[in-house]
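Working notes for the structure below.
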Amino acid sequence: MENMYLIPYQTEDVFESTSMIPEGVRMIEAPAIWEQTSKGKGSVVAVIDTGCQLDHPNLEGQIIGGRNFTTDYEGDETNYADNNGHGTHVAGTIAASETTTGVVGVAPASQLLVLKVLTGSGRGNYDWIIDAINYATNWEGPDGERVRVMSMSLGGPSDVPELHEAIKTAVEAGISVVCAAGNEGDGREDTNEYAYPGAYNEVIQVGASDFNRNIADFTNTNDEIDLVAPGVNILSTYTEGRYARLSGTSMATPHVSGALALLIHLAEKQLNRKLSEAEVYAQLIKRTAPIGSSPQAEGNGFLTLGLVHKLESLLNLYTIDWNDMVKRNTDKVEV
């Protein structure tokens with residue numbers, strides 16, 4: 001039964017060409033930590049979606065592998081090209097490479113494992129999703145690379161135990177699973193709307209905001225939202241070598257997936273060891289800032305990658321040299 005679907009999204013505009021760092025990438029302050037993170041080099045993100053345009057100018061060098069789990073292309077497992085557009089857009093927000101034209105992703109030196117689990121019409125079986133999650137969990141690249149992040153901008157109404165188990169296995173293997181909250185919101189922050197796998201506690205569930213940091217009316221709200229990211233009028237790569245602006249929690253999700261690709265590189269370099277999924281999550285959440293909505297709507301807040309550096313700078317500005325203070329006070333003591 002085809003009971004998993006592409007989370008509905010709005011196509012705002014399609015362009016033949018462009019040349020800019022997208023507003024969403026700049027808004028989450030990804031460029032502020034590119035130098036520290038080598039732009040995500042070494043991180044592999046599995047994009048579980050409609051596939052990807054494999055020869056898009058901004059993506060062709062980013063794809064490390066892939067597989068088709070659908071019946072599209074007569075079930076040819078080796079053909080994971082995108083016949084919808086959604087997967088290419090998601091992939092670009094994560095990892096579009098820096099060229100003289102086009103767009104740049106959040107982690108432009110990261111690599112993508114493209115897993116096609118939805119057909120050109122945006123539909124798919126739960127079995128396809130489950131098989132893709134298991135495949136990504138066990139995948140190993142030509143040089144020993146492993147998936148560290150899964151990005152899923154899809155959803156369904158049912159809590160399927162096999163799906164949940166596959167996700168728990170991935171998380172236990174140290175993979176951060178990032179999922180869109182869904183676009184069934186009613187514009188109210190005090191009502192719950194759930195879509196799976198986003199509603200599972202083990203995943204990082206992402207809601208959408210606009211460029212004014214207001215919660216998008218369409219975004220699902222519930223008690224499992226972890227954070228929000230830009231999801232309205234998002235510019236990224238599109239099929240036929242083009243670019244498009246789309247809106248939806250599907251567009252917010254890859255901002256977080258790309259951010260994790262940066263943070264994993266940064267934190268593991270600093271600590272000189274591999275981090276657990278819980279430790280990676282902590283690195284992400286400490287880079288969120290409240291935007292004035294309820295926890296049901298914004299979770300921990302809006303993704304702000306430059307936040308830690310700003311706080312460190314602020315603390316340095318007001319830090320007193322306590323050793324010097326103690327010495328001066330001691331010198332004043334009369335014996």
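Since every read-out is calculated from the coordinates, none of them should be taken as a lab result. None of these values were measured; they are calculated from a predicted model. Every residue, glycine among them, receives a Cβ derived from its backbone with ideal geometry; neighbour counts consider all protein chains shown.
Here is how the numbers come out for the structure above:
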{"quantity": "P(r) weight above 17 Å for the stretch 74-176, C-alpha pairs, percent", "calculated": "59"}
{"quantity": "Cα→Cβ-extended label distance, 7 Å offset, between T101 and D76, nm", "calculated": "2.8"}
{"quantity": "Computed [θ] at 222 nm, helices only, for the chain once each DSSP H run of length n ≥ 4 contributes -39500 (n - 2.57)", "calculated": "-9000 deg cm²/dmol"}
{"quantity": "For the stretch 281-293, Karplus couplings with θ = phi - 60° (6.51, -1.76, 1.60), whole Hz, Gly/Pro x", "calculated": "4, 4, 4, 5, 5, 6, 10, 10, 10, x, 10, x, 9"}
{"quantity": "Label-to-label distance, nm, for residues given as H309 and T191 (7 Å Cα→Cβ offset)", "calculated": "4.1"}
{"quantity": "In sequence order, calculated HN-Hα J values of the stretch 213-223 (Karplus, 6.51, -1.76, 1.60; Hz; x Gly/Pro)", "calculated": "6, 9, 5, 5, 4, 7, 6, 5, 10, 6, 7"}
{"quantity": "C-alpha long axis of helix 322-332 to longest principal axis of the chain, angle in °", "calculated": "10"}
{"quantity": "Within the stretch 191-216: backbone nitrogen closer than 13 Å to the S294 label point (7 Å, Cα to C-beta)", "calculated": "191-193"}
{"quantity": "Whole-percent pair-distance distribution, where bins are 10 Å wide, for the alpha carbons of the chain", "calculated": "6, 28, 35, 19, 5, 3, 2, 1, 0, 0"}
{"quantity": "Radius ratio Rg over Rh of the stretch 1-154, counting only Cα atoms, Kirkwood formula for Rh", "calculated": "0.96"}
{"quantity": "Fully extended contour minus Cα-Cα distance, from E60 to D223, at 0.36 nm per residue", "calculated": "54.9 nm"}
{"quantity": "Derived scalar couplings ³J(HN,Hα) [the stretch 240-252; Karplus, 6.51 cos²θ - 1.76 cosθ + 1.60; whole Hz; x for Gly, Pro]", "calculated": "6, x, 9, 9, 8, 9, 10, 10, x, 5, 4, 7, 6"}
{"quantity": "Orientation-averaged projected area, Cα convex hull of the stretch 51-95 (nm²)", "calculated": "3.0"}
{"quantity": "Shape parameters for the stretch 144-279, alpha-carbon atoms, Rg then Dmax in Å", "calculated": "15.5, 46"}
{"quantity": "Whole-Å distance, taken between Cα centres, linking the stretch 149-221 and the stretch 61-107", "calculated": "21"}
{"quantity": "Inter-label distance, nm, simple model (7 Å from Cα along the C-beta direction), I285/E162", "calculated": "3.2"}
{"quantity": "Dipole magnitude of the stretch 1-85, debye to nearest 20 (Cβ charges: Lys/Arg +1, Asp/Glu -1, about Cα centre)", "calculated": "480"}
